[in-house]
Amino acid sequence: MKILKFKNKQKFKYNKKIIVKDLILLLSVGIHQFEKQKKQKVKFNIEITTDPNLKPDIKTIVNYENVINDIKRLTKKTHFELLESLSDSIFDEIFKNKKIKKIKLKIEKLDIIKETTSVGIEVIKTKI
């Protein structure tokens, strides 16, 4: 009797994501005069897709704490007239990390329009 051995040739395709959920910061953003005079609460939600082929270790991961600190540093002293220009600055900073392939960024002003919980933008940017 002949015994057949089957080789396991499973291939996988997957993504690795870093998630920052409901980061709320006080910052200066908006086109109205009152928005330039007083900081407002802004909420950030970020999904960062990294290179799935990298083995997980301290040198290859994208550290979510660094991402948060980058956003805090960017927003600390600068006034942004538009959420879109704020998002561009965040993309520029985060994409400096070569391991990052895609960023989904949602930015919401929490206190600007009384009849809403929030207003904002969502932008997805992918390296080609």
For this session: Only residues that are more than 21 Å from Thr50 (Cβ to Cβ), surrounded by fewer than 16 Cβ atoms within 10 Å (Cβ to Cβ) and touching a residue at least 12 places away in the same chain (Cβ under 8 Å): list them for segment 73-108, please.
Result: Lys76, Thr78, His79, Glu81, Leu82, Glu84
For this session: Output yes when any residue across segment 70-89 is within 15 Å of Lys17 (Cα to Cα) and either at pLDDT 95 or above or β-branched (Val, Ile, Thr) (or both), and no when none is.
Result: no
Exercise. Looking at segment 37-81, which of its residues are aliphatic (A, V, I, L, M) and assigned to a strand (DSSP E or B)?
Worked result: Val42, Ile46, Ile48
Problem set entry | segment 32-58, subset in contact (Cβ under 8 Å) with a residue 60 or more places away in the chain and of a type outside the set (Val, Ile, Thr), residue farthest from Gly120 (Cα to Cα) | Glu35
For this session: Output the number of residues of segment 109-128 satisfying the condition of being surrounded by 15 or more Cβ atoms within 10 Å (Cβ to Cβ) and hydroxyl-bearing (Ser, Thr, Tyr).
Result: 1
Problem set entry | Matching option when the condition is touching a strand residue (DSSP E or B) at 6+ places or on another chain (Cβ under 9 Å) and loosely packed, with under 13 Cβ neighbours inside 10 Å, among Asn69, Asn63 | Asn63
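The values are calculated or read from the model by the stated rules, or taken from the named source; none is laboratory data. Worth saying up front: this structure is predicted, and the values here are computed from it rather than measured. Glycine also receives a Cβ, built like all others from the backbone with ideal geometry; neighbour counts cover every protein chain displayed.
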